Amino acid sequence: MMNILSFLLSLLMSITPSSTFDCDGEVLKATIRNNLNGDFARVIDLEQVDQGAFVVLDWKDISLMLPISFQAGEISFTDRKWLWSYQDNEQGLHVESPRLAQRIPSGEIIEHECKLPQ
């Protein structure tokens, strides 16, 4: 009985991100995969993201594959031009409204508003 209770509690404590968001009024699909062992396993719990992880973002006519960033205390992916983040040191955990930011050639950062679809 204790094992079942522990298992159920662990399910409640997992951080399961959605794969669909509304970003600036357009549907964005986000798929996270681990690749430390070359298995490309789909991630369904952000606590299980490994060092080889990446996210694939399909939004508007853009398709991006961003590697995990190695910022301590963060769950984010970046190629230094684009940033997709579920957790950062300033805002904490924001799974329902992840951060999508884009650095344009002038160096300016454009923040795109992303949230769960209603």
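The values are calculated or read from the model by the stated rules, or taken from the named source; none is laboratory data. This structure is a prediction, so every number in the text was calculated from the model and none was measured. Glycine also receives a Cβ, built like all others from the backbone with ideal geometry; neighbour counts cover every protein chain displayed.
May I ask you to verify whether Leu5 is modelled with pLDDT under 90, within 30 Å of Gln118 (Cβ to Cβ) and hydrophobic (A, V, I, L, M, F, W, C)?
no
If Ser63 meets every condition in (1) at pLDDT 95 or above; (2) buried (at least 18 other Cβ atoms within 10 Å of the Cβ); (3) among the hydroxyl-bearing types (Ser, Thr, Tyr) apart from one, which number is that one?
With (1) at pLDDT 95 or above; (2) buried (at least 18 other Cβ atoms within 10 Å of the Cβ); (3) among the hydroxyl-bearing types (Ser, Thr, Tyr) applied to Ser63, the lone miss is (2).
So in the range 11-35, with the set limited to residues that are part of a loop (DSSP other than H, G, I, E, B) and either of a type in the set (Ser, Thr, Tyr) or loosely packed, with under 11 Cβ neighbours inside 10 Å (or both), which one is modelled with the highest pLDDT?
Per the stated criteria, the residue is Gly25.
Take the range 81-115 and flag every residue that is of a type in the set (D, E, K, R), at pLDDT 95 or above, outside any strand (DSSP E or B) and over 14 Å from Cys23 (Cβ atoms).
Hits for the range 81-115 are Lys81, Glu108.
Looking at the range 37-54, which of the residues that are part of a loop (DSSP other than H, G, I, E, B) and hydrophobic (A, V, I, L, M, F, W, C) is modelled with the highest pLDDT?
Ala53
Output the residues belonging to the range 74-118 that are exposed (fewer than 10 other Cβ atoms within 10 Å of the Cβ), within 19 Å of Gly52 (Cβ to Cβ) and either of a type in the set (Asp, Glu) or touching an Asp or Glu at 6+ places or on another chain (Cβ under 8 Å) (or both).
none
Within the range 55-73, can one find any residue that is closer than 16 Å to Ile15 by Cα, in contact with an Asp or Glu (Cβ under 6 Å, 6 or more places away or on another chain) and part of a strand (DSSP E or B)?
So far as the range 55-73 goes, no, none of its residues is closer than 16 Å to Ile15 by Cα, in contact with an Asp or Glu (Cβ under 6 Å, 6 or more places away or on another chain) and part of a strand (DSSP E or B).
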